[in-house]
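What follows is calculated from the coordinates using simple rules that are stated; it is not laboratory data. Note that the coordinates shown come from a computational prediction; the quantities given were computed from them, not determined experimentally. As a convention, Cβ positions derive from the backbone with ideal geometry for all residues, glycine included, and neighbour counts pool all protein chains shown.
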Amino acid sequence: MNIKISDLMSTRVIHAEPHHSVARVRRLMSKNHLHAIPVVDSEGQPVGIVSTIDLMTPKDGTPINKVMTERVYTIPRYNGIHQAARLMRNHHIHHVVVTHEKEVVGILSSFDLLKLVEDHRFIMKPGPPAKGGDDQHP
């Protein structure tokens, strides 16, 4: 399977800036039906990510940099999709920020990866051989 991240990622990336308020980010995410958005600096480089869970309890006027997750997992857009899947599985995350030369160019979610299953664009690997003979029953 030679599917690249750029084949599945969302290229219309809505982002926040560190000084934006929680209320503003909530509106952005609600209006655009998003579960997470990257937080970028003035040069478009990721400095955090905020998800709907991060926005559950803070007050509306709180700056987003006070509630965002500062550890942002990024991956280049030309990498294989399997690398993104491994990154997401290993770090228990549902969104990866896609970059090109350190600038945010997309976002990939676990829902995007499910498109591969839905579209049957994967190859099932054979399972391990059964131990014992044919006379064993489950």
>> I want the local charge near His15. Using Cβ-Cβ distances under 13 Å, sum +1 for each Lys or Arg and -1 for each Asp or Glu among the other residues.
In response: -2
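Sort Glu101, Glu17 so the one with the fewest other Cβ atoms within 10 Å of its own Cβ comes first. All intermediate terms of the calculation are to be shown ahead of the outcome.
On the way: Glu101 7, Glu17 15.
Listing Glu101, Glu17 from fewest to most nearby Cβ atoms yields Glu101, Glu17.
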>> So I have (i) -0.34, -0.74; (ii) -0.30, -0.74; (iii) -0.44, -0.80, and one of them is log10 I(q)/I(0) by the Debye sum over Cα atoms at q = 0.09, 0.15 Å⁻¹ calculated from this model. Which one is it?
In response: (i)
> Contour minus end-to-end for Met56 and Leu28, with contour as 0.36 nm per residue of separation and end-to-end as the Cα-Cα distance?
Replying inline: 8.6 nm
> Antiparallel DSSP bridges in the range 5-118: what percent, to the nearest 5?
Replying inline: 80 percent
> All other residues with a Cβ under 14 Å from the Cβ of Val104 taken together, and with Lys, Arg as +1 and Asp, Glu as -1, what is their net charge?
Replying inline: -2
> In which sequence would Asp41, Asp112 go, from the one with the fewest C-beta neighbours within 10 Å to the one with the most?
Replying inline: Asp41, Asp112
> Which one of Val39, Val98, Val13 has the biggest mean-square fluctuation once the chain is modelled by GNM with Cα springs under 10 Å?
Replying inline: Val13
>> For the chain, what does the relative contact order come out to in percent, with C-alpha contacts under 8 Å and a separation of six or more?
In response: 27 percent
>> As an exercise, identify the trypsin sites (Lys or Arg not before Pro) in the range 7-89 lying in DSSP coil whose Cβ has no more than 13 other Cβ atoms within 10 Å.
In response: Arg12, Lys59, Arg71
> Going by how many other Cβ atoms sit within 10 Å of their own, how do His95, His19, His33, His82 line up, fewest first?
Replying inline: His33, His19, His82, His95
